[in-house]
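Below: the structure, in structure tokens.
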């Protein structure tokens, strides 16, 4: 059976991981390659690198980092952040990225999804969607959640599927950072209404939250950052507990 | 040993080269017929969509050369599918090494299948040291049916061929270069054929 995926996410700025990382036995907590190696050796099914560099220099450094990661890591990884053209994607894939994740640029110009999917195949195009509830309606946000749009989450999700997205990475801004669990009701609805994999993001605080997002939220994968970075949840331990709850995982 | 990875278009084939590098082998990316024919081992990777991939193979004459190769050849993902008779993707005629058709997954399951799934009914030296039910990483919307060349199966909506073999031709639907240590072992086994 297809296993549920556990995906640590690393925020990268100018080639270094940012947002605290607190691992024991890590020589350099800011080195994304060392972190990626540790995660891949300890049961992560996939990695996401989110480039939050604002400068061109930072972006170039990112390509170099992707190349170094690809040389050392034997599990798939996705790169997101600031991708807005075919050239951006081509450069990342040439350095060894397996998938790319687009967000704001797809909202601004939805045809980008069609173009990327046609050129590189839908399997390597992830569309990230950030949304939060406004007056009871889930509204899509862009630019890292700072700008709200009129787009309805479910309509936008269906549109990106139809345009050729291979997967959706859904972050509930209402849940992100709360450590109170994933947005399972919304995830379940997305998973049932769409026919592509849905990755849950935002809200992971404990192991039960992961069990819930797979059982109640019907998510295909779950992404988290700080609970892994600070060693609050160990991936192998998490996966053993998921398995004890009859959730299919790779151990 | 000379390992050549057939380079016939855009796409992420660097990962395969890096995977061999981790095994201590410098695999060469090439589209030169002579270099491919002279290699000890040939990797036939998959890029993008079947129909345009076949067109690219046709333009360089690779469609004629590949089925005639006599050294061990490993088709990966779309590479494996193109070694089959035909595929529903773009109604494309394949290279016909494996006598089987490639079909699209039905919509009762999420398409593409993306992630780690188990391989079973292992029947080849390619799986030496790899146990039944080990996980491999797969990303695909189309699958090869079961046939007499099947050397591994996977279950997604139905049981299908996740690996094929006929004579010196091997094909795997999963990505060994992205399948952690199990995938590395498979590549090592291929080098030792």
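Tabulated results
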read-out	value
Flag if residue B:131 is under 26 Å from residue A:72 (Cβ atoms), free of Cβ contacts under 8 Å to residues at least 60 places away in the same chain and more than 10 Å from chain A (Cβ to nearest Cβ)	yes
Test: residue A:169 is closer than 22 Å to residue A:10 by Cβ and part of a strand (DSSP E or B)	yes
Members of segment B:151-191 found to be in contact (Cβ under 8 Å) with a residue 40 or more places away in the chain, more than 14 Å from chain A (Cβ to nearest Cβ) and under 14 Å from residue B:127 (Cα atoms), listed by number	B:163, B:164, B:165, B:170, B:171, B:172, B:189, B:190, B:191
Residue match in segment B:143-154 (condition: under 20 Å from residue A:1 (Cβ atoms) and not in a strand (DSSP E or B))	yes
Any helices (runs of 4 or more DSSP H) falling wholly within segment B:39-109 and containing at least 2 residues that are within 12 Å of chain A (Cβ to nearest Cβ) and surrounded by 14 or more Cβ atoms within 10 Å (Cβ to Cβ)	B:50-60
Evaluation of residue A:246 against (1) without any contact (Cβ under 8 Å) to a residue 24 or more places away in the chain; (2) assigned to a helix (DSSP H, G or I) (one fails), failing number	(2)
Checklist (1) surrounded by fewer than 22 Cβ atoms within 10 Å (Cβ to Cβ); (2) touching a residue at least 24 places away in the same chain (Cβ under 8 Å) applied to residue A:150, failing item	(2)
Only one of A:182, A:170, A:214, A:210 that is within 14 Å of another protein chain (Cβ to nearest Cβ), crowded, with 20+ Cβ neighbours inside 10 Å and touching a helix residue (DSSP H, G or I) at 6+ places or on another chain (Cβ under 8 Å)	A:214
Given (1) within 17 Å of residue A:7 (Cβ to Cβ); (2) within 14 Å of another protein chain (Cβ to nearest Cβ); (3) surrounded by fewer than 24 Cβ atoms within 10 Å (Cβ to Cβ), index of the condition residue A:190 fails	(3)
Verdict on residue A:196 being more than 13 Å from every other protein chain (Cβ to nearest Cβ), touching a helix residue (DSSP H, G or I) at 6+ places or on another chain (Cβ under 6 Å) and at pLDDT 95 or above	no
Sole exception among (1) buried (at least 17 other Cβ atoms within 10 Å of the Cβ); (2) part of a helix (DSSP H, G or I); (3) away from chain A (no Cβ under 14 Å); (4) at pLDDT 95 or above for residue B:19, by number	(3)
Criterion (under 29 Å from residue A:164 (Cα atoms) and either without any contact (Cβ under 8 Å) to a residue 12 or more places away in the chain or out of contact with any helix residue (DSSP H, G or I) (no Cβ under 8 Å at 6 or more places or on another chain) (or both)) met by exactly one of B:76, B:5, B:13	B:13
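Matching residues to (1) within 15 Å of residue A:133 (Cα to Cα); (2) out of contact with any strand residue (DSSP E or B) (no Cβ under 9 Å at 6 or more places or on another chain):
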site	(1), (2)
A:163	no, no
A:168	no, no
A:180	no, yes
A:185	yes, yes
A:198	no, no
A:204	no, no
A:209	no, no
A:217	no, no
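The values are calculated or read from the model by the stated rules, or taken from the named source; none is laboratory data. Here the structure is a predicted model, which is why all the values come from computation and not from measurement. Positions of Cβ are generated from backbone atoms using ideal geometry, with glycine treated the same way; all protein chains shown enter the neighbour counts.
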